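Read the structure below first, then the notes.
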Amino acid sequence: MSAAWREGRRSHVEPRRTLCALLACAFASFAFADEVVTFGPFAGGAARPVTTTTDLIAQGLAYEHGEGVPKDQRKAAMLYCEAARDGDPEAQFSLGWMFANARGVTRDDTVAASLFALAAAAGHEQARRSLAFVGDDRGPLPECMRPIEAASDLPPGAPFEITLDDPDPFLGLPPWKRKIADVVVQLAPRYAVDPRLALAVIAVESNFEVKARSEKDARGLMQLIPETAARFNVRDAYDIKDNVRGGLAYLRWLLAYYRGQVQLAAAAYNAGEKAVDRYRGVPPYLETREYVKRIQRLFRNDVHPYDARIVDPSPIVAEGPKS
């Protein structure tokens, strides 16, 4: 790692350390021992009296540099991550720097690159310059960046699931998911897609994570690969409305292509319509079969209305699909 790059980060951080010093005495008076919080790979106690991203970053700086409190870079990373989860580009950059330099966390340049990219997209100049030092590969964001509501009711990495006895799996969504669901409910009728089907796809594809990105470069809430995004005129796959519009347009097309057969449309959303047509039904891929089961648990209708004018039917529809 370049010494010049490290020095650049020091000069970037220096003005903020004044604020850190001013707040250090207040931080030192907090009682940290009573509450233990776990954020994904970071385990241990985290100070929770602070409520704003500015406070979190200032406290993170205090722990990172040992100013007014014992130096604890692991705790600093936890605090940066909490602020990064709330969308603060300064925190995203600081956490990325920690990952790039193994400060309080295991070094991972791919995670650092993803964090720098997020901050750079928000206009953080130092993060943009830092991308040159960590390579082009992008890794998954740290699990601590999952919203607290999601982390509290699901184990790390667990898919969104419900029990079969639940009449509507989307009634009890936490506030951050409800905001997304409201957008879906608003937009879905324009595409003649049942909002519950679209929400099922979002739940299984991304668990409502706006910035989700897969190894195959599928992006956003409805996990649109670049080819699909271009096909349905999506300019920014990380924009909630733009992503949902693209996903709804694709679902509408698939439902018309498979003449309303939800199982085939869901399988094609996961594996592509070419694979479904080639196997004349749900492909024998374990991932796709599990995907279809999850969709069907969340959306229990086998048939969905469709607009036959959108596209000619799949050649397998007349033949009858194989399960």
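The values are calculated or read from the model by the stated rules, or taken from the named source; none is laboratory data. The model shown is predicted, which means the values in this text are computed figures rather than measured ones. Cβ placement follows ideal geometry from the backbone for every residue including glycine, while neighbour counts extend to all protein chains displayed. Please note that ligands, DNA and RNA were not included when accessible areas were found on the heavy atoms of the full protein model with its side chains. Shrake-Rupley method; radii C 1.70, N 1.55, O 1.52, S 1.80 Å.
Take the residues in the stretch 101-111 that are closer than 16 Å to Arg74 by Cβ and in contact (Cβ under 8 Å) with a residue 12 or more places away in the chain, then tell me which one is surrounded by the fewest Cβ atoms within 10 Å (Cβ to Cβ).
Checking each candidate, the answer is Thr106.
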Quick one: how many residues across the stretch 112-145 are farther than 21 Å from Asp239 by Cα, open to solvent by less than 50 Å² (accessible area, probe 1.4 Å) and without any contact (Cβ under 8 Å) to a residue 40 or more places away in the chain?
-> 4
Applying the selection to the stretch 272-282, what residues are without any contact (Cβ under 8 Å) to a residue 24 or more places away in the chain and either over 20 Å from Val201 (Cβ atoms) or surrounded by 14 or more Cβ atoms within 10 Å (Cβ to Cβ) (or both)?
-> Gly272, Ala275, Arg278
Pairs, first among the polar types (S, T, N, Q) in the stretch 293-310, second assigned to a loop (DSSP other than H, G, I, E, B), C-beta under 9 Å, six or more apart = Gln296/Asp302; Asn301/Asp194
The number of residues in the stretch 178-204 that are over 14 Å from Phe299 (Cβ atoms) and not in a helix (DSSP H, G or I) is 1
With respect to Thr106, is the statement that it is polar (S, T, N, Q) and in a loop (DSSP other than H, G, I, E, B) true?
-> yes
Could you tell me which numbered condition Ala218 fails, if it satisfies all but one of (1) touching a strand residue (DSSP E or B) at 6+ places or on another chain (Cβ under 7 Å); (2) at pLDDT below 95; (3) under 22 Å from Gln186 (Cα atoms)?
-> (3)
State whether the residues of the stretch 32-53 include one that is surrounded by 23 or more Cβ atoms within 10 Å (Cβ to Cβ) and modelled with pLDDT of 75 or more.
-> no
Answer yes or no: is there a residue in the stretch 69-79 that is within 14 Å of Ala120 (Cβ to Cβ), in contact (Cβ under 8 Å) with a residue 12 or more places away in the chain and in a helix (DSSP H, G or I).
-> no
Restricted to the stretch 206-220 and to residues being touching a Phe, Trp or Tyr at 6+ places or on another chain (Cβ under 8 Å) and of a type outside the set (Gly, Ala, Ser), the residue most open to solvent (accessible area, probe 1.4 Å) is Lys211
Residue check, Ala237 against (1) in contact with a helix residue (DSSP H, G or I) (Cβ under 7 Å, 6 or more places away or on another chain); (2) farther than 25 Å from Ala84 by Cβ, all met but one. Which one?
-> (2)
Could you tell me which of the residues Tyr285, Tyr269, Tyr258, Tyr306 is at pLDDT 95 or above, open to solvent by 10 Å² or more (accessible area, probe 1.4 Å) and not aliphatic (A, V, I, L, M)?
-> Tyr269
